[in-house]
Amino acid sequence: MSMKHRWGTGPQQPTVSGRFSGSGSIRAQRVSSFKSGVISCSLGEDEANLNPHTFTQPAPILDYAWFPTASVTSPATFCFVASVRETPVKLLDASDGRLRASYRIVDHRERQIAPHSLAFNLSATRLYCGFEDALEVFDVAQPGEGTRLHTSPSKKSRDGLKGIISALDFSPSYESDFYGAGSLSPTEGGNIAVFSETGGAVPVCFVSGGPAAGVTQLHFNPAQPHILYAAFRRRSEIFSWDLLDTTAPVKIYTPPPSSANDRETNQKRRFDVDLAGRFLAVGDQEGRVSVFDLAAEENTPRLTYPAHSDALGSVSFHPTKPTLLSDEDEESSSEDSEDEEDDRGQSGKAAVIRRSVARPTPVPLDASIRVWDFGPG
């Protein structure tokens with residue numbers, strides 16, 4: 001397996017994740033800060049042909065998803081959905097950022113809920129949104145309010161899938177309508193459940209045997225729809241299950257050890273599996289990319305190479321070409337020390353007290369996107 005670095009960019013903002021669209025003709029990069037968020041869409045793959053479109057949002061972006069058939073050659077499909085804090089889910093045109101439609105999720109107090117996970121079904125007719133103890137399902141063609149599926153009977157109940165639904169993914173098989181949902185709240189029975197579109201809120205099965213940690217990503221193997229992969233908070237390994245027996249993982253893919261303590265970070269790292277279902281790639285805290293051969297018996301990487309100078313936020317395989325997108329997602333915090341000035345008069349009493357307290361400010365160390373060529377030559 002050979003590898004070449006094709007190009008790199010370095011926007012001066014903390015990057016969260018970058019992904020190719022389903023057609024591979026466009027890629028999106030999500031950038032979030034404490035107060036606002038930005039989604040940047042770029043056309044083409046070469047640095048000379050970049051045509052970025054940047055859409056600033058008023059609040060942090062929790063998740064986004066390309067329309068499954070998004071392509072620059074089809075204006076009707078050239079769009080994506082974004083979950084922006086305290087606003088309805090937005091369907092945005094990827095060419096100019098205009099709002100095409102919005103999908104409202106409200107709680108019992110009539111407050112807007114921004115979902116933590118988004119996923120289209122295979123036919124792209126429904127949009128699934130995950131939030132606390134529930135899923136909201138929308139008809140894409142009919143904006144407005146959706147249908148709520150409670151993943152747990154009640155807040156006090158221990159049954160069902162509890163907590164924030166932080167990860168969603170649909171099985172790529174058109175012979176089934178299964179999808180996986182993962183929660184940030186570890187439970188004894190497992191915090192990953194498999195549902196079917198026709199089954200509503202009743203799970204088909206629960207996936208158990210994983211670590212006691214929050215789920216950050218789920219992904220089905222494109223060529224083997226019965227294989228489900230999962231990443232967990234504060235864990236560097238990628239766990240895989242066969243849906244024919246979900247009592248224990250069939251394999252655990254372990255990246256090389258890092259000098260940084262991966263178990264002590266809540267950073268979300270996004271892995272990916274190529275369209276042929278042959279390779280799995282994931283980044284680590286030291287900016288390395290590890291590529292696993294899923295057909296091999298070993299659970300160690302076939303290739304590990306340094307991609308960035310700091311922690312890697314996400315990787316994404318091109319759907320039709322032997323290229324891999326990686327983006328850097330490391331930010332440090334600088335904090336001014338608290339100072340207090342006490343001006344006293346002749347009486348000894350405090351006349352003026354001035355206090356300045358600065359909040360931590362994220363500073364990007366190497367927020368960049370790079371594309372790696374695994375083709376011959």
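The values are calculated or read from the model by the stated rules, or taken from the named source; none is laboratory data. Treat the numbers as computed from the prediction; the structure is a model and nothing was measured. As a convention, Cβ positions derive from the backbone with ideal geometry for all residues, glycine included, and neighbour counts pool all protein chains shown. Quick note on the areas: whole protein, heavy atoms, side chains included, nothing else; ligands and nucleic acids left out. Shrake-Rupley method; radii C 1.70, N 1.55, O 1.52, S 1.80 Å.
Here are the numbers:
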| read-out | value |
| --- | --- |
| Label-zone membership for the stretch 211-235, site residue 248, 7 angstrom Cα→C-beta point, backbone N under 15 Å | 211 |
| Pair residue 259, residue 298: separation of 7 Å Cα→Cβ label points (nm) | 2.4 nm |
| Descending semi-axes in whole angstrom, ellipsoid equivalent of the stretch 87-226, from the Cα gyration tensor | 24, 19, 13 |
| 1.4 Å probe accessible area per residue over the stretch 141-223, in Å² | 47 Å² |
| Alpha-carbon centroid distance for the pair the stretch 147-208 / the stretch 238-304, whole angstrom | 23 Å |
| Chain lengthening between residue 321 and residue 145 when straightened (0.36 nm per residue, less Cα-Cα) | 59.5 nm |
| Carbon and sulfur %, accessible surface of the stretch 37-192 computed with the full protein complex present, 1.4 Å | 50 percent |
| Listed peptides 155-166, 80-91, 194-205, 113-124 by packing density, highest first (mean Cβ within 10 Å) | 80-91, 113-124, 155-166, 194-205 |
